[in-house]
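Encoded as C-alpha cells, the structure appears first; notes follow it.
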Amino acid sequence: MGQRIGFGVDVHRLAPGETLWLGGILIPSDLGTVAHSDGDVLLHALCDALLGAAKLGDIGSNFPDTSGEFKDIDSKELLGRCGRLIAGQGWSVVNADMTLCLQQPRIRPYIARMEEVMAGILGISADRVSVKATTTEKLGYEGRREGVTAYAVVLLENR
Ligand code: MG
C-alpha cells in the first residue's frame, strides 16, 4: 500500500472590516483576512497539503484567483474539490494535522467545530483531523496582528 505525505502553508493579511474565516468557521474578530476568496488560511494550507501529497500542483494552479469562477469562492468548496481530486487518483486521507499562528482572538473554543467541518468535507472521521493554534509571543507579523499563518501536514494512502 502506498503512502504519501503532503505539506501546505498559507498566509493572509489582516485588516479591519474583513471577515475572519478559519477552518470553515466564521470567528468573531475586529480584524479579518484580506483575500480574493474568503481568505480561510487554514483550509488553503490543507488544500495545498492534499494537492502536494498527490502531486497535483497547488491551490493557485488548480483554482486561479484570476478566474471569475473562483473569486470570493467559499474555501469549503475548494477543499471539497481537492478531496475529490485526490480521491479520483485513488488516494484517501489517513490524517491531517494543522497549526494556526495568530495573536488574537483565542482559537481554542472553535477548534472542535473546525475539525468536524473539515473532516465532514473530506468524508473522514473527526479523530483524523487535528487543529492546533499558537501565538508567536507578539513576535513577527502574526504577533503584530498584521497577518495570520497556517501550516498543514497530511498523510494519504492508496486504496
Ligand atoms: Mg490563501
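I need the peptides 141-153, 122-134, 71-83, 36-48 ranked by packing, meaning the mean over residues of other C-beta atoms within 10 angstrom, with the highest value on top.
36-48, 141-153, 71-83, 122-134
Mind jotting down the distance between the C-alpha centroids of segment 57-93 and segment 113-159, whole Å?
Segment 113-159 and segment 57-93 have Cα centres separated by 17 Å.
Nearest 500 deg cm²/dmol is fine: what mean residue ellipticity at 222 nm does the chain get from its DSSP H runs of n ≥ 4 alone, each adding -39,500 (n - 2.57), divided by its residue count?
On the way: 5 runs with 47 residues, N = 159.
Using -39500 (n - 2.57) per qualifying helix, the result is -8500 deg cm²/dmol.
Taking 7 Å along the Cα-to-C-beta vector as the label spot, tell me the Arg144-Asp65 distance in nanometres, rounded to one decimal.
A separation of 2.0 nm, rounded to one decimal place.
What's the carbon and sulfur percent of segment 3-158's accessible surface, probe 1.4 angstrom, rounded to a whole number?
Reported share for carbon and sulfur atoms: 51 percent.
Please work out the average accessible area per residue across the chain, using the 1.4 Å probe convention, and give it in Å².
49
How large is the convex hull of the Cα atoms of the chain per residue, expressed in Å³ as a whole number?
Working: hull volume 15.7 nm³, N = 159.
Looking at the chain, the number lands at 99 Å³ per residue.
So which aspartates and glutamates pass the test for Lys138, namely a Cα distance under 15 Å, with those fewer than 8 places away in the same chain ruled out?
Partners found: Glu146.
Can you give the % of DSSP beta bridges in segment 24-159 that are antiparallel, to the nearest 5?
That works out to approximately 60 percent antiparallel.
The values are calculated or read from the model by the stated rules, or taken from the named source; none is laboratory data. Note that this is a predicted model, so its numbers are computed, not measured. We place every Cβ from the backbone using ideal geometry, glycine too, and count neighbours over all the protein chains shown. What goes into the accessible areas is simple: the full protein's heavy atoms, side chains included, and nothing from ligands, DNA or RNA. Shrake-Rupley method; radii C 1.70, N 1.55, O 1.52, S 1.80 Å.
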